[in-house]
1. Estimate the FRET efficiency between MET176 and ASN67 by the formula 1/(1 + (r/R0)^6), using the beta-carbon distance for r and 45 Å for R0, to the nearest 0.05.
2. Under a Cβ-Cβ cut-off of 14 Å, what is the net charge of the residues other than SER177 that fall near it, where Lys and Arg count +1 and Asp and Glu count -1?
3. What is region 1-97 by shape, rounded, prolate or oblate, if you read a ≥ b ≥ c off the alpha carbon gyration tensor as root eigenvalues and call it rounded for a/c under 1.5, prolate for a/b larger than b/c, and oblate otherwise?
4. Counting pairs of alpha carbon atoms under 8 Å apart in space and at least six apart in sequence, what relative contact order in percent does the chain give?
5. Taking Rg and Dmax of the Cα atoms in Å as the quantity of interest, determine which of (1) 19.0, 60; (2) 17.7, 56; (3) 20.0, 67 was computed from the displayed structure.
6. Can you work out ³J(HN,Hα) from phi for every residue in region 85-92, in order, using Karplus 6.51 cos²θ - 1.76 cosθ + 1.60 and θ = phi - 60°, giving whole Hz and x for Gly and Pro?
7. When you count, for each residue, the other Cβ atoms within 10 Å and take the mean per peptide, how do 15-27, 96-108 rank with the highest first?
8. So what is the relative contact order of region 28-98, in percent, for Cα pairs below 8 Å that sit 6 or more residues apart?
Amino acid sequence: MKIIVLSINPYKEKDAIVTAISEEETMTFLARGIKDPKSKNSALNNVLTIADIELMDGDFKHPILKNSKPLFSSLKIDMDEKYLGAIMLMDEMILNLFPSEEQYIMFPYLEKAVETLKNKNDWLMTLLLLMSHIIRLGGFQLEVNRCVLCDKRNGIVAFSFTDGGFICQECYDTDMSRDLNKTQMLLLRDIVNCPDFSLIEKEYNKTDAMVLFNKFQQYIEDAFGYRFKNIRLLIE
């Protein structure tokens with residue numbers, strides 16, 4: 001069974017209680033000896049590790065890890081504060097924005113985000129794409145293909161996070177917030193419409209992307225009612 005590790009809580013001297021998601025569920029299991037660097041299961045002692053595991057029943061309230069095979073590690077030798085901050089924020093979002101019984105729905109997107117972050121080393125676009133999927137799957141989809149108020153596709157002049165999408169000229173009035181400029185709106189549309197992480201291959205304006213990142217942060221915090229703790233390393 002393929003899993004992504006979300007949290008590791010110490011239990012006794014070298015054991016830990018691990019929370020992880022698979023493609024079908026969120027699970028908690030006891031990993032004996034995980035804190036010992038010499039243990040065959042020591043790779044699971046890092047969040048966002050992707051591994052193939054086998055569990056067994058035992059005399060414990062949670063299943064017990066029988067064996068594991070590491071498939072992918074989010075860690076690398078040359079991690080800077082942005083890279084580390086991105087790992088911490090991705091993990092925090094999955095753990096805190098969704099109820100435990102729903103966290104598994106993010107499995108394919110989190111798996112791809114972890115791999116993209118390490119392989120492409122672009123924390124900003126990786127997080128923007130993951131946050132877009134979180135917003136959509138959390139039920140707070142942003143409308144970026146037509147006016148959110150009248151469904152008109154032409155004459156789009158503004159984007160409002162308060163209203164949840166694009167606003168056309170006929171629906172716009174001066175009391176509405178105008179959160180983004182034209183290039184930022186176009187980048188937002190590309191991000192929201194991207195079904196995977198392929199947008200990471202395209203060039204984009206980092207300044208505009210940072211504006212979107214800050215807006216996404218605020219929108220997610222307001223929509224989900226949660227304040228991020230692991231954001232300070234990423235805010236410029």
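Values in this text are rule-based calculations from the coordinates and carry no lab data. These figures come from a predicted structure and were not determined experimentally. All Cβ positions, even for glycine, are placed from backbone atoms using ideal geometry, and neighbour counts span all protein chains on display.
1. That gives a FRET efficiency of 0.20.
2. For residues surrounding SER177, the net value is -3.
3. It comes out prolate by the Cα gyration axes.
4. 15 percent
5. (3)
6. x, 5, 4, 5, 6, 4, 5, 4
7. Result, highest mean first: 15-27, 96-108.
8. The normalised contact order for region 28-98 reaches 27 percent.
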